Amino acid sequence: MMPLIIVAVIVVVLGLMAVGIYNKLVQLKNRFKNAFAQIDVQLKRRYDLVPNLVETAKGYMKHERETLEAVIAARNQAATANQQAAAAPGNPGAMAGLMGAEATLTGAMGKLFALVESYPDLKANQNMSQLMEELTSTENKIAFARQGYNDAVMAYNTTRETFPNVLLAGPFGFGSAALFEVSSEAEREAVKVAF
């Protein structure tokens, strides 16, 4: 009878440990999903600002149509990649697509800002100045939200990879989550908005 009681106690303890591990992984997964939602909000705000910038610049930069179209195309690509990443935060493929699209958008925006420098009337335009100020603020918020997301992903990945959690994470469907990393040196530098 005693061996049966010992086995029952061990099974109960192991069951409670499994429940605890599962609940902790769910909590951390939800935390990084929420952190990505904060990035999503700021990226959507930036995507909404880009067409306004292009429209404001269009009147002054009639000969730069190719650059303006490249910015809009990059913005649309980034918005699509963001929707895919928002549907599956932490998914390595979706995050890689988003990081690549963001790098393309950052490059296109950099070209736009370089061109703006050569148009004094555009630089003096109050609407353009206000949009650039909003974009700078949004870029700072994105960087802050990205840091929060990466911290949450790191906590999740660390928890799921430690023993004994690693034994249960896979069978319970808790895969590794991808960080939102800056992939290129050009993207590491903040978008420079100067007037």
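Could you identify the single residue in 53, 43, 49, 105 that is within 30 Å of residue 126 (Cβ to Cβ) and modelled with pLDDT under 90?
Values: 43 fails: modelled with pLDDT under 90; 49 fails: modelled with pLDDT under 90; 105 fails: modelled with pLDDT under 90.
From the options 53, 43, 49, 105, the qualifying one is 53.
Based on what the data block shows, is residue 34 surrounded by fewer than 17 Cβ atoms within 10 Å (Cβ to Cβ), at negative phi and not hydrophobic (A, V, I, L, M, F, W, C)? Can you show your working first?
Values: surrounded by fewer than 17 Cβ atoms within 10 Å (Cβ to Cβ): yes; at negative phi: yes; not hydrophobic (A, V, I, L, M, F, W, C): yes.
In short, yes.
Look through region 11-21, keep the residues that are free of Cβ contacts under 8 Å to residues at least 60 places away in the same chain and of a type in the set (Gly, Ala, Ser), and return whichever of them is farthest from residue 177 (Cα to Cα).
Out of the qualifying residues, it is 15.
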Of (1) within 19 Å of residue 40 (Cα to Cα); (2) touching a Lys or Arg at 6+ places or on another chain (Cβ under 9 Å), residue 71 satisfies every one except (1)
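Looking at region 79-91, which of the residues that are among the aliphatic types (A, V, I, L, M) and surrounded by fewer than 22 Cβ atoms within 10 Å (Cβ to Cβ) is farthest from residue 35 (Cα to Cα)?
Narrowing region 79-91 to residues among the aliphatic types (A, V, I, L, M): 79, 81, 85-88.
From the residues that got through so far, the ones that are surrounded by fewer than 22 Cβ atoms within 10 Å (Cβ to Cβ) too are 79, 86-88.
Numbers: 79: 18, 86: 11, 87: 13, 88: 13 Å.
Looking at the filtered set, the residue picked out is 79.
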Just one of (1) more than 30 Å from residue 164 (Cβ to Cβ); (2) touching a residue at least 12 places away in the same chain (Cβ under 8 Å); (3) assigned to a helix (DSSP H, G or I) trips up residue 66, so point out which. (2)
All-but-one check, residue 163 against (1) under 24 Å from residue 99 (Cα atoms); (2) modelled with pLDDT of 90 or more, failing number (1)
Criterion violated by residue 142 - all others in (1) among the β-branched types (Val, Ile, Thr); (2) loosely packed, with under 13 Cβ neighbours inside 10 Å; (3) under 24 Å from the mean Cα position of the chain (by Cα) satisfied: (2)
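To keep it simple, each residue is scored yes or no on (1) free of Cβ contacts under 8 Å to residues at least 40 places away in the same chain; (2) hydroxyl-bearing (Ser, Thr, Tyr); (3) outside any helix (DSSP H, G or I); (4) farther than 24 Å from residue 22 by Cβ.
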| position | (1), (2), (3), (4) |
| --- | --- |
| 127 | no, no, no, yes |
| 133 | no, no, no, yes |
| 136 | no, yes, no, yes |
| 145 | no, no, no, yes |
| 154 | yes, no, no, no |
| 173 | yes, no, yes, no |
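Per-residue answers, yes or no, for (1) in contact (Cβ under 8 Å) with a residue 60 or more places away in the chain; (2) part of a helix (DSSP H, G or I); (3) touching a helix residue (DSSP H, G or I) at 6+ places or on another chain (Cβ under 7 Å); (4) of a type outside the set (S, T, N, Q):
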{"residue": "23", "(1), (2), (3), (4)": "no, yes, no, no"}
{"residue": "30", "(1), (2), (3), (4)": "no, yes, no, no"}
{"residue": "40", "(1), (2), (3), (4)": "no, yes, yes, yes"}
{"residue": "52", "(1), (2), (3), (4)": "yes, yes, yes, no"}
Subset of region 92-125 (residues that are surrounded by fewer than 17 Cβ atoms within 10 Å (Cβ to Cβ) and of a type in the set (S, T, N, Q)): 118
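The values are calculated or read from the model by the stated rules, or taken from the named source; none is laboratory data. Quantities reported herein were computed from a predicted structural model and do not represent experimental measurements. We place every Cβ from the backbone using ideal geometry, glycine too, and count neighbours over all the protein chains shown.
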